[in-house]
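A.B. asks: Once you've had a glance at the structure underneath, I'll fire off some questions.
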Amino acid sequence: MLIRTTPPLLASEITDEKQYLRRREFIRLVGGAAVVAGTAPWLEACSGDRVSADFAGTGGPAVPAGQSPLPNVKPKVVATDETTNTFEEITSYNNFYEFGTGKDDPQRNAGRLTTSPWKVKIDGHCGKPAEYHLEDLIRPHQLEERIYRMRCVEAWSMVIPWVGIPLAEIIKRAEPTSKATFVAFTTLHRPKEMFGQTQPVLDWPYDEGLRMDEAMHPLTILSVGLYGKTLMNQNGAPIRLVVPWKYGFKSIKSIVRIEFVDRMPPTAWNKANPGEYGFYSNVNPEVDHPRWTQATERRIGEFRRRRTLMFNGYGDQVASMYAGMDLRKNY
Amino acid sequence: MLKLAKPLIFAIALAPFLWLATRALTGRLSANPIEDITLTTGIWTLRFLVITLAITPLRRITGWNRAIQYRRMLGLFAFFYAVLHVSTYVVLDLFFAWDLILADIAKRPFITAGMVAFVAMIPLALTSTKGWIRRLGRRWQLLHRLIYLSAIAAAVHYLWKVKVMVGSPVYYAAIIAALLLFRAVWGFRHRRRTNPQPAEA
């Protein structure tokens with residue numbers, strides 16, 4: 001739905017998706033047939049659908065209701081040789097407390113969220129504050145595939161093929177002033193569609209923040225897709241942050257506001273439990289969560305735990321931003 | 001009818017395990033199956049602790065004293081699920097990494113509490129036979145009050161494990177608190193009366 005001037009679905013793609021479904025017959029697939037049949041009118045593939053072809057070979061996705069293929073994605077701008085988690089894994093095991101605190105709650109409950117139309121307000125200390133329709137926010141930029149490790153603070157991890165744009169590009173468009181030292185993000189607040197927000201689990205709406213240099217870092221992206229298609233609601237549709245060297249909760253979902261601020265903004269988990277969740281929340285195997293170890297993690301799909309890497313393995317790219325900081329204090 | 005009751009309760013109590021095993025063997029657990037198994041066996045341990053602790057209040061309130069004959073089996077099921085829960089942690093989760101396990105028990109309060117709950121159940125399971133009941137006599141009852149410690153530690157274990165203390169862990173803690181409070185109040189009244197009557201709670 002992001003870009004409208006695209007030819008219809010290619011027949012070859014449908015075949016791929018059927019293969020995908022067959023491969024996953026052993027997995028519970030409620031209404032699997034309806035998934036394929038029901039989405040056809042939605043699909044808007046582009047002519048040179050390279051990305052879909054790539055994904056087809058790597059166990060790529062069916063297109064469940066509500067998802068559309070994203071055209072012209074620059075493949076593997078950042079990649080890893082680690083095995084990518086399956087679409088099923090990435091979309092069935094989520095923390096998204098707006099839809100319930102169970103791992104399977106988001107998949108069950110996120111369907112009722114309306115993600116179109118969607119507006120994102122960009123304001124605060126910047127030269128060009130504006131409220132954008134999502135399409136207008138994204139259209140000027142080249143979509144990129146970024147295959148990132150995602151490390152949850154609960155000591156599990158996945159490898160996820162996001163599609164998105166560097167946050168830095170959006171920030172530059174807004175022309176932040178010198179006062180803008182931090183960037184604050186806010187999730188949609190719509191309790192009617194996000195029933196978790198009717199319960200006092202967190203201080204709704206969910207908010208997050210980054211230091212300006214973190215926000216401008218080339219690894220930081222705004223994601224609008226997964227496996228070459230638009231995001232599923234349970235993964236933070238239609239637009240979410242992805243900061244791969246920080247614990248997953250920093251990567252705020254379903255964003256409606258990006259604000260340039262001059263001080264460290266409040267963040268949802270820090271407010272809920274400041275002793276356990278700091279503003280920085282960089283992945284750090286040496287600083288344990290007060291209640292569990294962060295030294296190891298379970299990669300979803302693997303049996304044995306693996307060692308957690310400093311900055312989730314992105315230390316070469318990001319460690320310099322924290323030079324001289326006591327990471328035990330600034331957890 | 002009464003002869004059927006025990007096997008029936010046994011089958012019902014075993015059903016969660018059979019269902020979990022079925023899901024595991026048919027690939028119907030979540031994307032993190034080890035967590036799934038841990039959570040399922042943990043919650044059933046807590047449920048059977050609650051059911052076991054509810055027998056005495058049930059007898060006092062309803063006067064249905066025959067409920068006592070199912071208590072041992074229910075308590076042993078709590079232990080059964082606890083063994084599965086702890087084994088999942090030791091074998092599947094940490095794969096016998098004893099250094100990590102010991103560090104966890106020492107440093108992670110929620111694991112410490114869980115271990116207390118589990119260890120307190122061991123002597124109860126071991127002395128649940130007729131022979132031990134006879135041998136220990138009055139001391140058996142004293143020993144088996146360890147279930148109070150086990151239940152409290154289990155409730156705390158669950159409360160400390162979650163990221164936000166809402167919902168299910170709070171309900172379990174409240175139910176266990178209520179069951180123990182009932183005993184305290186009952187015991188207090190019972191002691192005050194020289195000739196105790198089966199009063200209602």
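The values are calculated or read from the model by the stated rules, or taken from the named source; none is laboratory data. Everything numeric here is computed off the predicted structure, so don't read it as measured data. Cβ atoms come from the backbone with ideal geometry, glycine included; neighbour counts cover every protein chain shown.
A.B. asks: If A:P205 passes every condition in (1) in a strand (DSSP E or B); (2) in contact with a His (Cβ under 7 Å, 6 or more places away or on another chain) but one, which one does it miss?
C.D. replies: Going through (1) in a strand (DSSP E or B); (2) in contact with a His (Cβ under 7 Å, 6 or more places away or on another chain) one by one, A:P205 breaks only (1).
A.B. asks: Separate question: Go over the candidates B:A103, B:A24, B:A31 one by one and state the one that is over 19 Å from the mean Cα position of the chain (by Cα), within 14 Å of chain A (Cβ to nearest Cβ) and not in a helix (DSSP H, G or I). Don't jump to the end; show me each part of the working.
C.D. replies: Working: B:A103 fails: not in a helix (DSSP H, G or I); B:A24 fails: not in a helix (DSSP H, G or I).
Of B:A103, B:A24, B:A31, the one residue that is over 19 Å from the mean Cα position of the chain (by Cα), within 14 Å of chain A (Cβ to nearest Cβ) and not in a helix (DSSP H, G or I) is B:A31.
A.B. asks: Another one. Looking for whichever is more than 14 Å from chain A (Cβ to nearest Cβ), at negative phi and within 9 Å of the chain's Cα centre (by Cα) here; the options are B:T56, B:T62, B:T52. Which one fits? Give the derivation first.
C.D. replies: On the way: B:T56 fails: within 9 Å of the chain's Cα centre (by Cα); B:T62 fails: within 9 Å of the chain's Cα centre (by Cα).
Just a single option satisfies the conditions, and that option is B:T52.
A.B. asks: Sticking with this one: Does the range B:57-115 hold any residues that are touching a residue at least 12 places away in the same chain (Cβ under 8 Å) and of a type in the set (F, W, Y), and which are they?
C.D. replies: Within the range B:57-115, B:Y70, B:F77, B:F79, B:F80, B:Y81, B:Y89, B:F110 qualify.
A.B. asks: Return the residue satisfying two criteria in turn: it lies in the range B:157-180 and is modelled with pLDDT of 95 or more and β-branched (V, I, T), and of such residues it is surrounded by the fewest Cβ atoms within 10 Å (Cβ to Cβ).
C.D. replies: B:V170
A.B. asks: Shifting gears a bit: Which condition number in (1) buried (at least 19 other Cβ atoms within 10 Å of the Cβ); (2) part of a strand (DSSP E or B); (3) more than 14 Å from every other protein chain (Cβ to nearest Cβ); (4) under 18 Å from the mean Cα position of the chain (by Cα) is the one that A:M158 fails?
C.D. replies: Result: A:M158 passes all but (3).
A.B. asks: Restricting to the range A:80-101, what's the tally of residues that are hydroxyl-bearing (S, T, Y) and outside any helix (DSSP H, G or I)?
C.D. replies: Residues in the range A:80-101 being hydroxyl-bearing (S, T, Y) and outside any helix (DSSP H, G or I): 6 in total.
A.B. asks: Which condition number in (1) more than 16 Å from B:M73 (Cα to Cα); (2) in contact with a Phe, Trp or Tyr (Cβ under 7 Å, 6 or more places away or on another chain); (3) part of a helix (DSSP H, G or I) is the one that B:W19 fails?
C.D. replies: (2)
A.B. asks: Another one. May I ask you to list the residues in the range B:74-97 that are of a type outside the set (G, A, S) and within 14 Å of another protein chain (Cβ to nearest Cβ)?
C.D. replies: Of the range B:74-97, the ones of a type outside the set (G, A, S) are B:74, B:76-77, B:79-81, B:83-86, B:88-96.
Answer for the range B:74-97, where residues must be of a type outside the set (G, A, S) and within 14 Å of another protein chain (Cβ to nearest Cβ): B:T88, B:Y89, B:V90, B:V91, B:L92, B:D93, B:L94, B:F95, B:F96.
A.B. asks: Something else about it: How many residues does the range B:128-163 contain that are farther than 20 Å from B:V50 by Cα and in contact with a Leu (Cβ under 7 Å, 6 or more places away or on another chain)? Please lay out each step first, then the result.
C.D. replies: Let us first name the residues in the range B:128-163 that are farther than 20 Å from B:V50 by Cα, namely B:129-140, B:163.
Applying the additional criterion that residues be in contact with a Leu (Cβ under 7 Å, 6 or more places away or on another chain) yields B:136.
Number of matching residues: 1.
A.B. asks: Is there a residue being under 26 Å from A:A323 (Cα atoms), within 14 Å of chain B (Cβ to nearest Cβ) and buried (at least 18 other Cβ atoms within 10 Å of the Cβ) anywhere in the range A:143-150?
C.D. replies: Checking the range A:143-150: at least one residue is under 26 Å from A:A323 (Cα atoms), within 14 Å of chain B (Cβ to nearest Cβ) and buried (at least 18 other Cβ atoms within 10 Å of the Cβ).
A.B. asks: On to the next question. For the structure I just gave you, tell me whether A:P106 is out of contact with any Leu (no Cβ under 7 Å at 6 or more places or on another chain) and away from chain B (no Cβ under 14 Å).
C.D. replies: no
A.B. asks: What's the number of the only condition in (1) more than 28 Å from A:R306 (Cα to Cα); (2) surrounded by fewer than 14 Cβ atoms within 10 Å (Cβ to Cβ); (3) β-branched (V, I, T) that B:V91 fails to meet?
C.D. replies: Only one criterion in (1) more than 28 Å from A:R306 (Cα to Cα); (2) surrounded by fewer than 14 Cβ atoms within 10 Å (Cβ to Cβ); (3) β-branched (V, I, T) is unmet by B:V91, namely (1).
A.B. asks: How many of the residues making up the range A:203-221 are surrounded by fewer than 22 Cβ atoms within 10 Å (Cβ to Cβ), under 30 Å from B:M165 (Cβ atoms) and among the hydrophobic types (A, V, I, L, M, F, W, C)?
C.D. replies: Here the count works out to 1.
A.B. asks: If you go through the range B:130-137 one residue at a time, do you hit one that is over 14 Å from the mean Cα position of the chain (by Cα), among the aromatic types (F, W, Y) and within 14 Å of chain A (Cβ to nearest Cβ)? Let's see the steps before the verdict.
C.D. replies: In the first step, residues of the range B:130-137 are kept if they are over 14 Å from the mean Cα position of the chain (by Cα); the result is B:130-137.
Adding the requirement that they be among the aromatic types (F, W, Y) leaves B:132.
Now narrow it down to the ones that are within 14 Å of chain A (Cβ to nearest Cβ): none.
No, every residue in the range B:130-137 fails to be over 14 Å from the mean Cα position of the chain (by Cα), among the aromatic types (F, W, Y) and within 14 Å of chain A (Cβ to nearest Cβ).
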